[in-house]
1. Ranked from highest to lowest mean number of other Cβ atoms within 10 Å per residue, what is the order of the peptides 71-80, 151-160, 123-132?
2. Give the order of 267, 245 when sorted by the count of other beta carbons within 10 angstrom, beginning with the fewest.
3. How many angstrom lie between the Cα centre of the range 171-212 and the Cα centre of the range 81-141?
4. How do 220, 232 rank when sorted from fewest to most other Cβ atoms within 10 Å of their own Cβ?
5. Arranged by the count of other C-beta atoms within 10 angstrom, fewest first, what order do 222, 89 take?
6. Hey, what's the Kirkwood Rh for the range 64-204 if you take every pair of different alpha carbons, in angstrom?
7. Which number do you get for Rg(Cα) / (2.2 N^0.38 Å) in the range 208-256?
8. Given N residues in the range 235-338, what is Rg(Cα) / (2.2 N^0.38 Å)?
């Protein structure tokens with residue numbers, strides 16, 4: 001039979017004491033792990049809340065500045081000039097100056113209420129180097145109350161010199177020349193229809209390169225106003241004859257239109273005979289026949305000017321007869337400024 005030796009009191013105390021010590025250590029370690037896990041979860045929750053708060057508190061995108069309609073002047077159509085763009089950064093200054101020249105020309109003409117380019121607010125940089133988006137342009141122009149809007153995109157700019165022999169003194173006289181190519185558009189704001197889209201070439205000459213380029217801007221303005229006049233004709237009535245030659249041919253006459261209508265010397269008017277017909281749908285249709293062209297040679301007042309009939313020898317007599325017999329059918333339409341003539345056909 002095996003003999004079991006009872007534990008001595010001292011040995012028993014040691015064993016029990018060690019068990020208690022290890023249990024305390026185990027509980028402490030478990031508590032530390034639990035506490036660490038709780039801190040980690042709390043930190044993750046805090047980060048999630050902070051992230052959610054960050055997303056929630058992000059500032060809203062700035063709203064587009066409100067576009068306020070312009071008030072049209074009495075008897076004037078509202079025309080908007082959209083900031084001119086360019087095909088590359090090289091042409092940025094040309095686009096800026098061309099837009100300024102065209103805008104100034106329309107303001108000086110006094111025949112339109114002009115929505116200036118600055119009214120369209122700031123244009124994004126990426127939009128400056130491509131043709132304007134027609135849909136966006138129309139949307140903004142409509143808010144500004146414009147009837148038509150004009151855009152331009154500078155495609156090319158060249159300069160150089162050309163010479164002409166000096167017949168009197170011998171040698172060659174040199175002039176600086178400049179050409180500026182623009183894709184020009186006229187857009188009907190109400191319908192969004194592009195009324196005209198074609199390249200126009202502004203030409204200039206001068207004693208310096210800058211003078212030549214400035215002349216090209218002026219030429220662009222002349223062409224722009226002439227093109228717009230096709231879609232927004234400005235009409236005047238006959239006032240009186242000024243000069244008739246011995247063969248009863250009209251040479252000079254006055255019309256009711258002056259500085260208050262934006263007319264100036266060297267402006268051109270076309271003379272039309274109007275007639276009317278009715279379509280099968282019952283709509284009254286205006287028809288007009290071109291009779292001749294005249295050039296304004298003197299602004300007499302705010303409401304009148306004197307014109308010189310071009311090709312008077314061919315049409316002067318018949319035109320005078322029509323004016324005397326049926327004056328109510330004759331109208332004079334503004335067609336822009338006379339194209340400058342000079343060296344090199346510029």
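1. Details: 71-80: 16.1, 151-160: 18.5, 123-132: 13.3.
Packing proxy ranking, top to bottom: 151-160, 71-80, 123-132.
2. Ascending Cβ contact count within 10 Å gives the list 245, 267.
3. Taking the Cα centre of the range 81-141 as reference, the centre of the range 171-212 is 15 Å away.
4. Result, fewest neighbours first: 232, 220.
5. 89, 222
6. Kirkwood radius, the range 64-204: 16.5 Å.
7. That ratio works out to 1.85.
8. Scaled against compact globular proteins, the figure is 1.12.
The numbers here are math on the coordinates, done by the rules we state, and not lab data. Computed from a predicted structure; not experimentally measured. So basically every Cβ, Gly included, is an ideal-geometry build from the backbone, and we count neighbours across all protein chains shown.
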